[in-house]
Amino acid sequence: MRIEENKDSFEYGKLNYLDSVYQPNLSPEFLALAEQARAESRKLNKEGISIALSEAYVISEQVKQAGCSSYMELGSLTGYSALFLLRGLKSGGTLFCFEKDARCADFIESLFKNMPNVPELAGKKGIVMRGDAKEALANWKPPSDVGGAFIDANKSAYPDYLKWIEAHLKGSYLILADNVFLSGSVWGLTDTPFSKKQALGMIEFNKSLIQNPSYSSYFIATSEGLLVARRKD
Ligand SMILES: C[S@@+](CC[C@H](N)C(=O)[O-])C[C@H]1O[C@@H](n2cnc3c(N)ncnc32)[C@H](O)[C@@H]1O
């Protein structure tokens, strides 16, 4: 999630600094396509719920380090994070984007048509899975090479998404989950957009990954909290 900060603040300066160090590693074509995704989220007045470049870079590198050829994204908005996940995939890789909003799904499909012109994305494939992710997942058999999921859709369903992943993905896989601090609700802040029920669900979700010996997992303390969990074989 992006932070709208006062330009003199530490957080604003930090994010700008991180972006300036990461950006030279991205081709001009990639940056231009990412800007198209960003502009569309701005048009929808939803830029603030899309991840920052510095977070997107981290998930891209996580997927790369895990050596994934296919990956899933639950909640794609206008495709900004999807482009970074695709960047992290092995050549010829496929990303399955689950997105409920029909306008966003249409936009992502049009965005993906430009992938052949982007060095990091050429030869890769983005597939949009429309509708409610829980329903779409219930009717979907994932290809055997799916190496994990980035969870960034409706926060109350994170525990259900985890159940699906554990039941359907085999061997070692990588789970990335955004907003796992729920704006501080998980440590008791009440002045947040999240209900007590949502906070309790996320507390359970976090514990079930961080305290489970079948995973190597940790938090990255971004402003909204990014959880990284690598399922051991
Ligand atoms: C936080 S935004 C995703 C941001 C995106 N990952 C990024 O960083 O650019 C959450 C997205 O999840 C979608 N969403 C919400 N509930 C959903 C559901 N039940 N199934 C599928 N998508 C859902 C919303 O339409 C929205 O586009």
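Just so it is clear, none of the values below were taken in a lab; they were calculated from the coordinates. None of these values were measured; they are calculated from a predicted model. In this analysis, Cβ positions are derived from the backbone assuming ideal geometry, glycine residues included, and neighbour counts consider all displayed protein chains.
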* **Helix-derived mean residue ellipticity, 222 nm - over the chain, DSSP H n ≥ 4, -39500 (n - 2.57), to 500** => -12500 deg cm²/dmol
* Structure fact -> Loop-resident trypsin sites (Lys or Arg not before Pro) in the stretch 136-184 with no more than 12 other Cβ atoms inside 10 Å, DSSP not H/G/I/E/B, are Lys170
* Structure fact -> For the chain, averaging the sequence separation of alpha carbon pairs under 8 Å that lie six or more residues apart and dividing by its residue count, the contact order in percent is 16 percent
* To do: Name the residues whose placed amide hydrogens come within less than 5 Å of the amide hydrogen of Ala52, ignoring near sequence neighbours (fewer than 5 apart) on the same chain.
  => Arg2
* To do: Note down the magnitude of the dipole of the chain about its Cα centre, charges +1 on Lys and Arg C-beta and -1 on Asp and Glu C-beta and zero elsewhere, to the nearest 20 debye.
  => 580 debye
* Asked: Can you list, largest first and rounded to whole Å, the semi-axes you get for the chain by taking the square root of 5 times each eigenvalue of its Cα gyration tensor?
  -> 24, 23, 17
* For the stretch 89-151: rounded, prolate or oblate by the Cα gyration tensor [a/c cutoff 1.5] -> oblate
* To do: Determine the percent antiparallel among the DSSP beta bridges restricted to the chain, to the nearest 5.
  => 40 percent
* **Compactness of the stretch 1-132 as Cα Rg over 2.2 N^0.38 Å, two decimals** => 1.02
* Asked: Projected onto the charge dipole of the chain (+1 at Lys/Arg Cβ, -1 at Asp/Glu Cβ, origin at the Cα centre), which of Leu121, Tyr22, Leu182 gives the Cα projection farthest towards the positive end?
  -> Leu121
